[in-house]
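Participant: What follows is a structure written as structure tokens; I'll ask about it next.
The values are calculated or read from the model by the stated rules, or taken from the named source; none is laboratory data. None of the values given here were measured: they were computed from a predicted structure. All Cβ positions, even for glycine, are placed from backbone atoms using ideal geometry, and neighbour counts span all protein chains on display.
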Amino acid sequence: MLNHERCHGACKGCITISDALEYEADVKHELSLIQRNKLSIANQITVREMCNMLMQYSKANNSKHQYEQNWHKVRIYKKFFGLYTTINRITPGKIEEFKQSLLNQGLKNSTVNRYYSSLSKAFNLVIINYQLNMLNPCKCVQKLKEDNQIIRYLSEDEEKRLFTVLPAHLKPIIVCALTTGLRLSNILNLKWESINFDIGFIEILRQENKGHKRIQIPLSQKFRVELEKIGIKDSGYIFINPKTELPYRGIRKSFKTALKQVICKQ
């Protein structure tokens with residue numbers, strides 16, 4: 001019993017009854033020190049408390065989707081490290097074992113890194129909240145290298161079907177992407193002043209692109225038609241959100257929704 005609460009824990013690594021009894025004696029001794037305030041607070045905080053703190057933070061600051069993801073991760077943390085294991089026992093070596101156990105389950109490097117990042121966040125929350133004089137053990141563990149990108153091109157048929165399901169406001173943006181190869185940020189920030197209709201090219205200035213190079217791209221007839229549909233102006237942003245009267249900040253969600261409709265129909 002600790003603070004009127006019964007504590008349960010597995011005797012990890014114990015093979016015989018005598019091993020288990022010795023392990024139990026060590027745990028009882030440590031609990032006795034905690035009850036008499038003989039141990040620092042870092043030796044008193046359990047994995048369960050740390051996980052609860054992470055979930056409270058996630059509920060207040062993250063989206064519902066992120067909260068649900070963290071809830072799943074917390075279950076894994078508790079199962080691997082032990083519900084009543086104190087955080088001072090989670091060493092960098094133990095975290096390396098945790099990473100390897102996830103890899104052994106067939107998880108990708110990027111997924112393992114997400115578990116690592118959330119665990120590091122949990123440690124930071126505890127350290128800051130209790131003002132602990134301890135190093136986050138995750139800082140001594142490196143993330144895995146990620147190489148999970150899959151290159152996928154749309155066929156001509158898929159491209160045609162994509163334009164049948166795209167929302168009206170996305171069509172000129174996607175046409176611009178397909179015919180120019182510009183970054184999304186450059187496309188959404190594209191201005192009428194950047195387009196020379198007489199000569200037929202698009203110019204991106206040095207200060208407006210990541211590589212700080214002056215970029216000139218031919219203006220395709222297909223994109224010109226889309227611009228004419230919008231209504232050519234002398235100045236200002238080209239792609240304006242009618243709800244905010246400001247440039248679109250992102251289109252990934254609506255684009256992915258349309259893309260799924262095309263791919264799922266195969």
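Participant: From the set of residues in segment 95-113 that are out of contact with any helix residue (DSSP H, G or I) (no Cβ under 7 Å at 6 or more places or on another chain) and part of a helix (DSSP H, G or I), which is farthest from M134 (Cα to Cα)? Quick ask: steps written out before the conclusion?
Facilitator: Start the filter on segment 95-113 by keeping residues that are out of contact with any helix residue (DSSP H, G or I) (no Cβ under 7 Å at 6 or more places or on another chain), which leaves 96-97, 100, 104-111, 113.
Applying the additional criterion that residues be part of a helix (DSSP H, G or I) yields 96-97, 100, 104, 109-111, 113.
On the way: E96: 19, E97: 21, Q100: 25, N104: 30, N109: 28, S110: 27, T111: 27, N113: 22 Å.
Ranking the qualifying residues of segment 95-113, first place goes to N104.
Participant: Okay, moving on. Restrict the check to segment 105-119 and report whether at least one residue is modelled with pLDDT under 90 and surrounded by 16 or more Cβ atoms within 10 Å (Cβ to Cβ).
Facilitator: The answer is no, given that none of the residues of segment 105-119 is modelled with pLDDT under 90 and surrounded by 16 or more Cβ atoms within 10 Å (Cβ to Cβ).
Participant: Continuing with the same structure: Taking interchain pairs and intrachain pairs at least six residues apart, which have beta carbon atoms under 6 angstrom, with the first residue in segment 184-195 and farther than 16 Å from I230 by Cβ and the second assigned to a strand (DSSP E or B)?
Facilitator: Listed by first residue and then by second, the contacts come to N186/I204.
Participant: Could I ask something else about it? For segment 136-166, what are the residues that are at pLDDT 85 or above, of a type outside the set (K, R) and part of a loop (DSSP other than H, G, I, E, B)?
Facilitator: Within segment 136-166, N136, V141, Q142, L144, L166 qualify.
Participant: Taking I34, is it at pLDDT 85 or above and in a helix (DSSP H, G or I)?
Facilitator: Answer is no for this residue.
Participant: Given the options L132, L190, L170, name the one that is at pLDDT below 85, of a type in the set (A, V, I, L, M) and more than 25 Å from Q66 (Cα to Cα). Break it down stepwise before answering.
Facilitator: Numbers: L190 fails: at pLDDT below 85; L170 fails: at pLDDT below 85.
It is L132.
Participant: Return yes when L182 is within 29 Å of Q56 (Cβ to Cβ) and assigned to a loop (DSSP other than H, G, I, E, B) and no when it is not.
Facilitator: no
Participant: In the list I202, I232, which residue meets the criterion of being modelled with pLDDT of 85 or more, outside any helix (DSSP H, G or I) and surrounded by fewer than 16 Cβ atoms within 10 Å (Cβ to Cβ)?
Facilitator: I232
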